[in-house]
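The values are calculated or read from the model by the stated rules, or taken from the named source; none is laboratory data. Keep in mind that what you see is a predicted model, and the values were worked out from it rather than measured. For neighbour counting, all protein chains shown are included, and Cβ atoms are generated from backbone atoms with ideal geometry for every residue, glycine included. Just so you know, the surface numbers come from the protein's heavy atoms only, side chains and all, with ligands and any DNA or RNA stripped out. Shrake-Rupley method; radii C 1.70, N 1.55, O 1.52, S 1.80 Å.
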Amino acid sequence: MTKTISRDKLVIIILTLIIISMSIFFYFYLTKQNPLESITQPVHSLPQGLFAFGNDKQTGLLKPLGVGVDGNKIIVADSAKHRLVWFDRNGKKLKSVGSFGNGPDKFNYPVAVAAGAGKIFVADLNNNRIVVLDKEGKYLESWPRDSKNNLRPVALALNSKGLLYVSDLLSQQVLVLDEQGRVVKRIGEPGSGERGLSYANGIALNEDESLLIVADSNNGRLQVFNADNGKHVKTIKEGIGFVLPRGITFDRERNAWIVVDTMQQAVIVLDANFKLVGQIAGFKEGDPFRFPNGVATDGTGRIYITDRENDRIVVLK
């Protein structure tokens with residue numbers, strides 16, 4: 001004989017289910033958690049503001065655009081003061097090098113820094129050159145060595161073989177320079193096509209240095225090229241919402257790409273496959289970025305952002 005559930009028991013079961021559902025809902029509401037978000041939370045957490053430095057009276061950075069890491073030292077292109085400034089990892093100023101001019105120890109609006117192989121490379125924008133320094137900041141030479149090969153460098157990336165990748169506004173390409181400063185390869189072409197670049201800015205290599213990623217600023221996208229032969233691999237744009245991407249670096253600690261979008265006033269985090277993880281709008285709540293530009297990582301999980309109009313370096317972790 002088939003058993004049936006009485007009407008009263010059915011009402012009790014339904015009410016019990018309703019109470020359980022409401023309890024779960026209010027638990028997530030009161031703890032400010034969305035149960036769906038907790039299920040779909042991305043693998044990579046967004047870095048948080050750790051501290052900021054450089055805008056004190058003693059240091060007095062003025063519209064810094066570029067930042068690089070050399071071991072445990074942070075080197076800032078203090079653009080509007082036409083100098084480089086060295087800091088330790090805690091933001092303590094160590095020294096500065098350079099002043100306005102076009103001589104061996106002078107700069108005219110330095111905008112990017114790359115360090116490696118015992119040297120420091122500086123994109124000296126308005127002097128149309130790359131300045132090469134030793135580790136201590138002593139002048140060694142300038143590239144190009146002849147006036148027939150002018151360039152307008154805005155970003156640099158150095159590989160483990162000593163090749164220097166230069167984002168050049170004059171040719172609207174990425175130039176590859178050997179250890180003598182000679183152009184051995186050109187990557188990309190002016191325009192908005194598949195291989196096109198329009199006032200490209202930041203450049204970075206992936207972990208095994210097989211890919212070159214270019215912040216194709218005025219086209220609002222990233223361009224990915226084979227770092228060896230210069231062939232176009234893919235374009236990163238859909239689903240990200242870039243406006244004016246500039247600084248870019250690969251964060252090995254998070255296995256993620258860090259992209260600075262100057263016009264969005266934000267740092268955008270992508271996973272290793274260039275999928276959007278999220279974005280960061282400032283040092284902390286109520287303290288937003290103001291036209292951020294450059295970015296570098298130090299291998300310990302710290303990310304250094306040049307926060308241009310706030311005259312400072314923001315450290316995220």
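So the values come out like this:
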read-out	value
Test: L163 is of a type outside the set (D, E, K, R), open to solvent by 40 Å² or more (accessible area, probe 1.4 Å) and at pLDDT 95 or above	yes
Single condition V295 does not satisfy, out of (1) open to solvent by 10 Å² or more (accessible area, probe 1.4 Å); (2) over 10 Å from the mean Cα position of the chain (by Cα); (3) of a type outside the set (S, T, N, Q)	(2)
Selection count where residues are touching a residue at least 24 places away in the same chain (Cβ under 8 Å), farther than 18 Å from A296 by Cβ and out of contact with any Gly (no Cβ under 9 Å at 6 or more places or on another chain), scope the range 56-102	4
The listed residue being surrounded by fewer than 23 Cβ atoms within 10 Å (Cβ to Cβ), farther than 19 Å from E309 by Cα and either in contact with a helix residue (DSSP H, G or I) (Cβ under 8 Å, 6 or more places away or on another chain) or among the aliphatic types (A, V, I, L, M) (or both), out of A80, A123, A115	A115
D307 among the charged types (D, E, K, R), within 13 Å of the chain's Cα centre (by Cα) and at pLDDT 95 or above	yes
Filtered residues of the range 62-77 (kept if small (G, A, S) and open to solvent by less than 30 Å² (accessible area, probe 1.4 Å))	G66, G68, A77
Flag for S192 being over 18 Å from V113 (Cα atoms), hydroxyl-bearing (S, T, Y), open to solvent by 70 Å² or more (accessible area, probe 1.4 Å) and outside any strand (DSSP E or B)	yes
Boolean, L205 is on the phi < 0 side of the Ramachandran plot, open to solvent by 10 Å² or more (accessible area, probe 1.4 Å) and touching a strand residue (DSSP E or B) at 6+ places or on another chain (Cβ under 8 Å)	yes
Some residue of the range 173-180 being polar (S, T, N, Q) and under 16 Å from D261 (Cβ atoms)	no
Every residue from the range 101-112 that is surrounded by 13 or more Cβ atoms within 10 Å (Cβ to Cβ), in contact with a helix residue (DSSP H, G or I) (Cβ under 9 Å, 6 or more places away or on another chain) and not polar (S, T, N, Q)	K106, F107, Y109, P110, V111, A112
Close pairs from the range 277-298: first farther than 23 Å from E207 by Cβ, partner in a strand (DSSP E or B) and among the polar types (S, T, N, Q), Cβ under 9 Å, at least 6 apart	P292/T306; N293/T306
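Yes or no, residue by residue, for (1) within 19 Å of A123 (Cα to Cα); (2) not β-branched (V, I, T):
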{"site": "R152", "(1), (2)": "yes, yes"}
{"site": "Y165", "(1), (2)": "yes, yes"}
{"site": "Q173", "(1), (2)": "yes, yes"}
{"site": "D178", "(1), (2)": "yes, yes"}
{"site": "G196", "(1), (2)": "no, yes"}
{"site": "V214", "(1), (2)": "yes, no"}
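Residue by residue, here is whether (1) within 19 Å of T306 (Cβ to Cβ); (2) among the small types (G, A, S); (3) open to solvent by less than 40 Å² (accessible area, probe 1.4 Å); (4) outside any loop (DSSP other than H, G, I, E, B) holds:
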residue: A215; (1), (2), (3), (4): yes, yes, yes, yes
residue: Q223; (1), (2), (3), (4): no, no, yes, yes
residue: G241; (1), (2), (3), (4): no, yes, no, no
residue: R246; (1), (2), (3), (4): yes, no, no, yes
residue: E253; (1), (2), (3), (4): no, no, no, no
